[in-house]
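See below for the structure under consideration.
The values are calculated or read from the model by the stated rules, or taken from the named source; none is laboratory data. These numbers were taken from a predicted model, which means no experiment stands behind them. Heads up, the Cβs are rebuilt from the backbone with ideal geometry, glycines too, and the neighbour counts pull from every protein chain shown.
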Amino acid sequence: MNDFERFKFVKQIVPTHPIDARSATPSRFLPFPPIYPPMYQFDIAAGSKAELYRDLLAALDALTADEPDPIANMANAAALIWEYLPDLNWAGFYRNVDGGLVLGPFQGKVACIRIAFGDGVCGAAAKTRETQLVEDVLAFPGHIACDVASRSELVVPVVVEGRLVGVLDLDSPSPARFDAEDTKGCEALVALLGPRIA
């Protein structure tokens, strides 16, 4: 096989299979970097809110089922939620570290790093271990304004075998963005994810 034939062969297989230029084919025959197909592609349609959360749950299950690393699973969960839930300006996790909340993987603007149990919406969820649905964060006593654009918030505690692992925190720039369906949907996401991030 001459150099031209090798190049043609590599060009044909790269779009569908990852190629390691150092091992599969000598790099001098690859005039371009290897191309890897997307690892995951989800078909999450804009149907009803219940359908959206059903699809998110299935996608989250596919993303995290075989991954043992909790940080990787939180990161992918935050990215998935950020991409598919509309009207968010922050989506991510705070982890329970030594009896306080410490920033975990998230999508959005730079955030508060540490939150004491009982402080703000996240701290209230951690302390009570109950979901906090806040239609107007400006009216919430002790609200912590990490992003001044936030107007509503939904925080779901992640509790596994009686232990608080952390909280899932969603913020929106729209007042009353979250409702009972969002609460139910996010609690289902956390129930699936909890053991995979504990």
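A few remarks follow.
- For the range 111-122, the criterion of being surrounded by fewer than 17 Cβ atoms within 10 Å (Cβ to Cβ) and in a strand (DSSP E or B) is met by at least one residue.
- Contact map, the range 111-124: residues that are at negative phi paired with residues that are of a type in the set (Lys, Arg), Cβ distance under 8 Å, separation 6+ or inter-chain. Pairs shown: PHE117/LYS127.
- Enumerated helices (runs of 4 or more DSSP H) restricted to the range 1-106, each holding at least 2 residues that are among the charged types (D, E, K, R) and at pLDDT 90 or above: 49-64
- The numbered conditions (1) surrounded by 16 or more Cβ atoms within 10 Å (Cβ to Cβ); (2) farther than 20 Å from ALA50 by Cα are all true for LEU133 except (2).
- Test: residue in the range 139-146 that is assigned to a helix (DSSP H, G or I) and either surrounded by fewer than 17 Cβ atoms within 10 Å (Cβ to Cβ) or of a type in the set (A, V, I, L, M) (or both): yes
Yes or no, residue by residue, for (1) over 23 Å from GLU153 (Cβ atoms); (2) aliphatic (A, V, I, L, M):
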position	(1), (2)
GLU51	yes, no
LEU60	no, yes
LEU63	yes, yes
ASP69	yes, no
ALA78	no, yes
GLU83	no, no
ALA91	no, yes
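- Where a residue in the range 164-176 is without any contact (Cβ under 8 Å) to a residue 60 or more places away in the chain and more than 16 Å from ILE113 (Cβ to Cβ) and its partner, wherever it lies, is assigned to a strand (DSSP E or B) and small (Gly, Ala, Ser), with Cβ under 6 Å and at least six apart: PRO175/SER152; ALA176/SER152
- Within the range 184-198, residues that are of a type in the set (Gly, Ala, Ser) sit with their Cβ atoms under 6 Å from residues that are part of a helix (DSSP H, G or I), at 6+ positions apart or across chains, in these pairs: GLY185/TYR53; ALA188/LEU57.
- The range 157-183, subset assigned to a helix (DSSP H, G or I) and loosely packed, with under 14 Cβ neighbours inside 10 Å, residue farthest from the chain's Cα centre (by Cα): ALA180
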